[in-house]
Structure formats: C-alpha cells, structure tokens
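The values are calculated or read from the model by the stated rules, or taken from the named source; none is laboratory data. Everything numeric here is computed off the predicted structure, so don't read it as measured data. Cβ sites come from the backbone with ideal geometry, for glycine too, and all protein chains shown count toward neighbours. For accessibility, only protein heavy atoms count, side chains too; no ligands or nucleic acids. Shrake-Rupley method; radii C 1.70, N 1.55, O 1.52, S 1.80 Å.
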Amino acid sequence: MTRVGRPEFDFERPDSIAASFHAAKPGLVINAAAYTAVDKAESDADAAYRANRDGPRILAELCREAGIPLIHVSTDYVFDGLKPTPYVETDPVAPQGVYGASKLAGEEAVLASGAQAMILRTAWVYAETGKNFVRTMLTVGKTRDRLTVVADQQGCPTVAGDLADAILGIVRRLGETGWRADYQGIFHAAGGGETTWHGLAVATFEEAARHGAKMPRVDPIATADWPTPAKRPANSRLDCSRLRAVFGIGLPHWRESLTRTVDLIYATAPP
C-alpha cells in the first residue's frame, strides 16, 4: 500500500493529483484528505471547497478512467443535527456551515463521477497523536481544576485506528469479491454507542486517572454558552447498520476504544 500526501499530493495544486495518481499506479484509492478546520472554513470557503469538493472530483474521475474503486471519507456535518434519532444514509442532508456544505459537495461530485465509489461518513474522530479533543482534554486537565464542556451535542466518538481497520476490512472484501453493485454509495462508519462531548471529557479523565492523572471537575454547559463561528450539529449520531449488513464490519464501542487509546497515549506520548 502506497501512502501519498503533501507536498507531492495537494488538493491546493490540482496538477499534483493526476501526477501522484499516475506515479502510484493504484489498484484502489482511499481518500482521507480534507479541509477540516470547521470554524476557519466560514471565512475561507474557497479553500474548503477546493479541498473537499474539487480535489475529490478530480480523484474520482481518475479512478473512473482507471476502472478502480474509490473509498472517500466524509462527515456527519452534512446533516443539520435536528433529527432526534441516529442518522441513516438516506436521511435528508442539510449542512449548517461551509465545512459541511463543502463535504456534501464532495460527496455529490464523487458519486456523479461514475466511479466505483464508496463514501464513508464518520464523526468525532480522534487518535493517540495529533491535535484532537481527547489529547486536548488531557493536556488542559493537567493545569486546571475545573473545566466546562458542551453537554447538549450527541455523537459517536471514533478512534482513527478503528476507522482505518474498518476501511482495511472493506479493502479485503473487495479483494475477495471484486466490485459489487451494493458496495456503491454511502455508508456510515463511526464508533459504537453514543455520548456527549461532556461525557467524552469525563470518561477521558476517568481513564487518565488509572495512570495517576488528576481528575478536574467537568461542568456541563450548553452550546449557546460556547459560541463558535460554525454551527455544530446537536445530533451527530450515525446509524452504521448498512456497513455491518453489507460488509459484516462494525467499529468497537467508543468507551472500549477510549480506554485503549488513553493507555496508548500514556505509553507512548504522555500529555
């Protein structure tokens, strides 16, 4: 498997897409590249659309011409978050900000390309490395005795490694069966179970306490008490039944994955 990224491959430079594609000579493409600065996108819409719509469209067209599958990662932000139950793939989309709108435009471009395309919507992604909510909580919790975290947004925390394992499971199935008509289209792929940002924060500190970290007080607040340039969906829960039905794949429960990830953080790169 060949990993291609910046500076050789950059959606900001459309010519680099075809050049990297032809150099790699892929038999399948997984696109996890995106403009993900949700708040910054509100004032930088052109860049968001270049990365989230225009780049994926070019990539999908290249995959169509080569006759190979494309797995494209998308987001829960394509929904408005007003549904009272978890979202299924066929629910109406209504993004509330530039980031979600640009990602939806990317989905539409990929599907319209005629490529053998599979879109995986995921949500609340974090990992043991990089900048993400869990690592931020662990870092801030070292120096503060009290925190406030939004408690009226619901979602399915997803560890990047679990999502990668799910994608590799799909790739293995494709190797066994070849492309099938029921592989085309949109699938939801997120951690099992559900919680709030407040719940994830509290659970993160509970896991950190096993490693000797202190547990700050975490007070719940409403979204209205933490204004941001981009509106966040109140409900980001994704129903992942289709992924399980078609591929037999389901991501682990979020709490199980959080335990494993916090252990890995303290074993390799403590906050």
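Computed quantities for the displayed model
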item	result
Accessible-area composition of segment 121-243, carbon plus sulfur, in percent [1.4 Å probe]	54 percent
Histogram of C-alpha separations across segment 52-197, 5 Å bin width, %	2, 9, 16, 18, 19, 15, 10, 6, 3, 2, 1, 0
D_trans [Stokes-Einstein, Kirkwood Rh over alpha-carbon pairs] for segment 145-240, 10 °C, 1.306 mPa s, µm² s⁻¹	99 µm²/s
Apportionment of accessible area to carbon and sulfur, segment 1-84, percent (1.4 Å)	51 percent
Packing-based ranking, highest mean first, of 184-195, 90-101, 38-49 given that Cβ atoms within 10 Å are counted	184-195, 90-101, 38-49
Spatial separation of Cα centroids for segment 208-243 and segment 125-173, in angstrom	10 Å
Inter-centroid distance (Cα atoms) of segment 174-196 relative to segment 7-37, Å	22 Å
Helix 254-268 axis, angle to the chain major axis (alpha carbon atoms, nearest 10°)	80 degrees
Rounded to 5, the percent of DSSP beta bridges in the chain classed as antiparallel	10 percent
Surface per residue (accessible, 1.4 Å probe) for the chain, Å²	46 Å²
R0 of 45 Å, Cβ-Cβ distance THR148-ALA245: FRET efficiency to nearest 0.05	0.65
Charge sum, other residues only, whose C-beta stays under 11 Å from ARG6's C-beta, Lys/Arg counted +1 and Asp/Glu -1	-2
GNM result for the chain, Cα springs below 10 Å: residue of THR261, THR85, THR143 fluctuating most strongly	THR143
